Amino acid sequence: MKLRLFFLGLVAALALASTAQAGTLDNVRKNGFLRCGVSEGQPGFSNPDQRGNWTGIDVDYCRAVAVAIFNDPNKVRFVPVSFAERFTALQAGQFDILSHNTTWTMDRDVAQGLEFIGVDFYDGQGFMVRKSLGVNSALKLDGATLCTQTGTTSELNAADFFRAHKLKYKILVYQKASEYIAAYDAGRCDAATTDRSGLAGDRLKLKNPADHILLPETISKEPLGPAVRHGDQQWGDLCRWTLFALVNAEELGVNSRNVDAQLNSTSPEIRRLLGKEGAFGQELGLANDWAYRIVKRLGNYGEIYERGVGLNTPLKLPRGLNNLWNKGGIMYAPPIR
Amino acid sequence: MARPRARHAWWRDTRWQGIALQALALVAIAAVGLWLAHNAIGALSRRHVASGFAFLGHTAGFGISQVLIPYTEESSYGQAMWVGLVNTLVVSAVSIVLSTLIGFVVGIGRLSGNWLVAKLCTVYVETLRNIPLLLQVVFWYFGVLQTLPGPRDSLALGSWIVLNNRGVYVPEVIFAPGSWLVVLALAVGLAVFFALYGWAQRLQRKTGRRPTIWWAAPLLVIGLPALALFVERVPFALSWPQLAGFSYEGGLQINSELAGLTIALSIYTAAYIAEIVRAGLVSVARGQREAAEALGLRRGLALRLVLIPQAMRVIIPPLASEYLSLTKNSSLAIAIGYPDLVAVFAGTVLNQTGQAIEILSLTMAIYLALSLVTSALMNLYNRAHALEGLG
């Protein structure tokens, strides 16, 4: 398995040399489909159902890019990849976009050859414990054993939090989500720790989800978003503005039900978004109505959010920070103009 | 008898041709290697991927659950690598000893005259060899050890042994200042006794008369340390496992990750070792067994003095390769959260730094070094025990 990773590393180094010139968009067009690296199963973000259909925010974002390019949400191949292997696999060219609950950090952006294109979910790390433990704050976890997954920022944040508060802890790191959840469920550790959205999804996998609670503390900032390989500006722009189009559509009140009617809108902002004015799509190398297509087929950011993790899903995550900036959240996209 | 040498130009000599071809191949491989390295370095820098080994000195910032050498979150990635390596060595060394013990018992058992024992041993070997090791690791950890009660409902024998799903806790000896004198006394006592024993052996071999030295054993091995203990006023203390906060503290703790991995590796590898031992015993000529019987040696003695020493020559080489596999298999640790070299270094450190090529090269170099050392040790043993004139 690690040999696989090593092989990936070598391929990455070689692939970089050859793909540096050829544009990712050209390659995607030539293949006829987009390849999207996603997590191996994270409810609400990228999760295959019994029939093998992928659902979730991370998945829908990739579908949006596919619609922008091909006008077809099904022209995506999802490549499940572990937390530990995801960056190397992106470098090795195993997929065109990494959409994988990935925290945007400086080191990843600057030193690991990644290009983060924005934030599609504002998250923060939390703790989950058994109710029977009688703990109501992370500050009472002195001496606790934590379980988490390898290849995440969670290991570092937990260390920072416990050091900052001079609390003792032990951390057990498992390779897969299933293993870390099994160990927590068996009582090997006192608390499970990862991003709060991840904990909400992981709780559903426990034997008795109702016996567990999330502690109130959020100990880190986890801006999650898609990333592409560093160095392909055109591809980065296309992916970035696909995300911004989703957010702008929600802010302008354009959704999958009213988008056809909105084509006749007199609002210049809506007209620019839907390709009625300007040549914004063409400048990205796409059809001018790229954003219309996206909203028509997949809806705006709010619709994708509600479908993935919203109050009518098992995760029941309130919008919170992920609400639009003018509705009490911090979700904000630069204007199309 | 010297062969008449064909008279033709040296470049048509097959020996020279062979050497030239090999040299060419070597140059070609080196060239491809250099080209790959050059490409990789260029590509990495164009994509702003950090490269080089400077990261080994950077602060790690993460915690590790089993730390046997000094390490804190402020330590470097390089130090984290050593922690992982030590953990790999611990689980490998313990598993090598256990699997050898179990393997010999089962291997000998398969050749037992007792039908039930022989069949049980056969079932052991056939079952365990045919179940993937990862499955066994997961089974022992999640299926067995994690079904033990939690810390607050631990199975406990007073405070002597506490068993729960976190691990096994036993009292730990704390060495106070002055304890070195006791340890020294014990070492000196043992050394003197063994010297005495060797002297007695040599004397017996030479003269046939064996001096009585049994009285020296308690005096040297017990008396001397006891004296030191008295002089230093017992510089030891016991640390007892105690329920504190979420779990047990104090005492010596064997984490259930270490226990699960050790059990799985030992039991699995033992099945292969059993077959090697069986093959070794079967390879000893039947006459040797009959000769041992003719001498009136009982089965146990015959095994110990006649059969196993001869079988060892067949057993050692494949045994060495089992030890190598076991060490490499210990990297399955990552599935159950045991912080071995692969989990800590090729897992967490790789992910924090993203330097896949450097880290995986280093990891492979370390495993290669471990393999070479193991092979070398086993070869040394083999040479020391090879048949004279045949080695």
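The values are calculated or read from the model by the stated rules, or taken from the named source; none is laboratory data. Everything quoted here is computed from the prediction, not taken from an experiment. Backbone-built Cβ (ideal geometry, glycine too); neighbour counts: all protein chains shown. What goes into the accessible areas is simple: the full protein's heavy atoms, side chains included, and nothing from ligands, DNA or RNA. Shrake-Rupley method; radii C 1.70, N 1.55, O 1.52, S 1.80 Å.
For the reader, a short list of remarks on this structure follows.
- Listed residues A:A227, A:I213, A:T242: farthest to the positive end of the dipole of segment A:213-253 (Cβ charges): A:A227
- Shape box of chain A [Cα atoms, principal axes, largest first, Å]: 61, 46, 40
- Cβ distances below 4.7 Å define possible disulfide partners, and in chain A the cysteines left without one are A:C239.
- Degrees separating the helix A:57-70 axis from the principal Cα axis of chain A, which is the longest one: 20
- FRET efficiency for B:F194 and B:L301, using Cβ-Cβ distance with R0 set to 22 Å, rounded to 0.05: 0.35
- Between helix A:2-19 and chain A: long-axis angle, C-alpha atoms, 0 to 90°, nearest 10: 20
- Kirkwood Rh and Cα Rg combined as Rg over Rh, evaluated for segment B:7-122: 1.30
- Solvent-accessible area, 1.4 Å probe, carbon plus sulfur percent, for segment B:288-381: 65
- Cα-Cα over 29 Å, subset of A:K30/A:K316; A:K166/A:K316; A:K131/A:K221; A:K276/A:K316: A:K30/A:K316; A:K166/A:K316; A:K276/A:K316
- Spatial separation of Cα centroids for segment B:14-68 and segment B:246-323, in angstrom: 40
- Remark: chain A carries a charge dipole of roughly 540 debye about the Cα centre, counting +1 on each Lys and Arg Cβ and -1 on each Asp and Glu Cβ.
- Remark: accessible area buried at the A-B interface is about 4200 Å², both chains counted, probe radius 1.4 Å.
- With the simple model of a label 7 Å out from the Cα in the direction of the Cβ, B:S45 to A:E217 spans 4.4 nm.
- Excluding same-chain neighbours fewer than eight residues apart, no lysines are reachable from B:K119 by a Cα-Cα span under 23 Å.
- By the Stokes-Einstein formula, at 1.306 mPa s and 10 °C, segment A:13-132 with its Kirkwood radius over alpha-carbon pairs has D equal to 102 µm²/s.
- Amide H within-cut-off set for B:L252, under 5 Å, with H built and near neighbours excluded: B:V170, B:E172
- Only one residue of B:N255, B:P309, B:V192 has its Cα farthest out toward the positive end of the dipole of segment B:164-312, where Lys and Arg carry +1 and Asp and Glu -1 on Cβ, and that residue is B:P309.
- Approximate spin-label separation B:M364-A:R77, in nm, with each point projected 7 Å along Cα-to-Cβ: 2.6
- Protein-protein interface of segment B:327-360, residues with accessible area decrease of at least 50 Å², isolated chain reference, 1.4 Å probe: B:I334, B:N351, B:Q352, B:I357, B:L360
- Helical mean residue ellipticity (222 nm; -39500 (n - 2.57) per DSSP H run of 4+; nearest 500) of the protein assembly as shown: -15500 deg cm²/dmol
- Fluctuation leader among A:D195, A:D58, A:D26 - chain A, Gaussian network, Cα springs under 10 angstrom: A:D26
- Per-residue ³J(HN,Hα) for segment A:211-226, Karplus 6.51 cos²θ - 1.76 cosθ + 1.60, θ = phi - 60°, Hz, x for Gly and Pro: 7, 10, 10, 8, 6, x, 5, 10, 9, 7, 9, 10, x, 8, x, x
- The charge dipole of segment B:184-319, taken about its Cα centre with unit charges on the Cβ of Lys, Arg, Asp and Glu (plus for the first two, minus for the last two), comes to roughly 1020 debye.
- Span-like helix ranges in chain B, DSSP H, alpha carbon extent 18 angstrom or more, Kyte mean at least 0.0: B:14-46, B:77-110, B:115-129, B:179-207, B:256-283, B:308-329, B:356-385
- Whole-number accessible area per residue in Å² for segment B:222-321, which is evaluated in the context of all protein chains at 1.4 Å: 51
- In a reduced charge model with +1 at each Lys and Arg Cβ and -1 at each Asp and Glu Cβ, segment A:186-325 shows a dipole moment near 360 debye about its Cα centre.
- Straight-line cross-link reach from A:K168 at under 16 Å between alpha-carbon atoms covers these aspartates and glutamates, not counting any fewer than eight positions away in the same chain: A:D142, A:E155, A:D160, A:D190, B:E73, B:E74, B:E249.
- The calculated FRET efficiency for B:L219 paired with B:E249, based on their beta-carbon distance and R0 = 60 Å, is about 0.90.
- Counting 0.36 nm for each residue step from B:A28 to B:R15 and taking away their Cα separation leaves a gain of 2.7 nm.
- For the protein assembly as shown, the share of DSSP beta bridges that are antiparallel, to the nearest 5, is 70%.
- For segment B:271-389, the normalised intensity computed at q = 0.10, 0.17 Å⁻¹ comes to -0.49, -0.89 (log10 of I(q)/I(0), Debye sum over alpha carbons, equal scatterers, no solvent).
- Largest to smallest accessible area among A:D160, A:D289, B:D13, B:D340 [probe 1.4 Å]: A:D160, A:D289, B:D13, B:D340
- Isotropic mean projected area of the C-alpha convex hull, chain B (nm²): 33.3
- Hull shadow area, averaged, the protein assembly as shown [alpha-carbon convex hull, nm²]: 46.6
- Counting Lys and Arg as +1 and Asp and Glu as -1 over every other residue whose Cβ lies under 15 Å from the Cβ of B:A292, the net charge comes to +3.
- Over all other residues within a Cβ to Cβ distance under 11 Å of A:F78, the charged ones net out to +1, with Lys and Arg as +1 and Asp and Glu as -1.
- Dipole of chain B computed with +1 at Lys/Arg Cβ and -1 at Asp/Glu Cβ about the Cα centre; of B:I267, B:H48, B:T100, farthest Cα towards the positive end is B:T100.
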